[in-house]
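Enquirer: So that we are looking at the same thing, I have put the structure below in structure tokens.
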């Protein structure tokens, strides 16, 4: 799957994005698929703009998620999160 689908790589090897807490100014780390994280300094929820993943537009997203899960490349929690994103994107269209 990873050999043929560049979008799947971000699920298996997500990049870290650094944001700044608007409440205390501390750096907050997000994986590229996360939109909300708790600031470790002040404990408040910090949100960042969501980036579109291939799950939103790819016709094979459900199969891809299942394949990655079966191969043990993503855990159950990550698979649930991706399926939630997929459901929400379909509800918007």
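Since every read-out is calculated from the coordinates, none of them should be taken as a lab result. As the structure is a prediction and not an experimental result, all values here were calculated from the model. Ideal geometry is used to build each Cβ from the backbone, glycine not excepted, and the neighbour counts take in all protein chains shown.
Enquirer: For residue 36 and residue 60, what is the calculated FRET efficiency with R₀ set at 22 Å and r taken between the beta-carbons, to the nearest 0.05?
Expert: 0.20
Enquirer: What nm value, rounded to one decimal, do you get for the distance between residue 80 and residue 44 when each label is placed 7 Å out toward the C-beta?
Expert: Rounded to a tenth, the inter-label distance reads 2.9 nm.
Enquirer: Now a separate question. Sort 22-32, 64-74 by the packing proxy (mean of other Cβ within 10 Å over each peptide's residues), most packed first.
Expert: Taking the mean over residues of other Cβ atoms within 10 Å, the ranking is 64-74, 22-32.
Enquirer: So what is the calculated 222 nm ellipticity per residue for the chain, using -39500 (n - 2.57) for each DSSP H run with n of 4 or more, over all residues, to the nearest 500 deg cm²/dmol?
Expert: So the helix-based figure for the chain works out to -10500 deg cm²/dmol.
Enquirer: Three principal axis extents, largest first, for the C-alpha atoms of the stretch 6-92, in Å?
Expert: Largest first, the stretch 6-92 extends 42, 29, 21 Å along its Cα principal axes.
Enquirer: Starting from the Cα-Cα distance between residue 20 and residue 5, subtract it from 0.36 nm times their residue separation and give me the gain in nm to one decimal.
Expert: Between residue 20 and residue 5, full extension yields an extra 2.2 nm.
Enquirer: Let me ask something additional. Relative to the longest principal axis of the C-alpha atoms of the chain, give the angle of the C-alpha long axis of helix 76-92, reported between 0 and 90° and rounded to the nearest 10°.
Expert: 90 degrees
Enquirer: Helix 61-70 versus the longest principal axis of the chain: what angle, 0 to 90°, nearest 10, using Cα atoms?
Expert: The two axes meet at around 90 degrees.
Enquirer: Take the Cα atoms of the stretch 4-43, find their three principal axes, and give me the spread along each one in whole Å, biggest first.
Expert: 43, 12, 12
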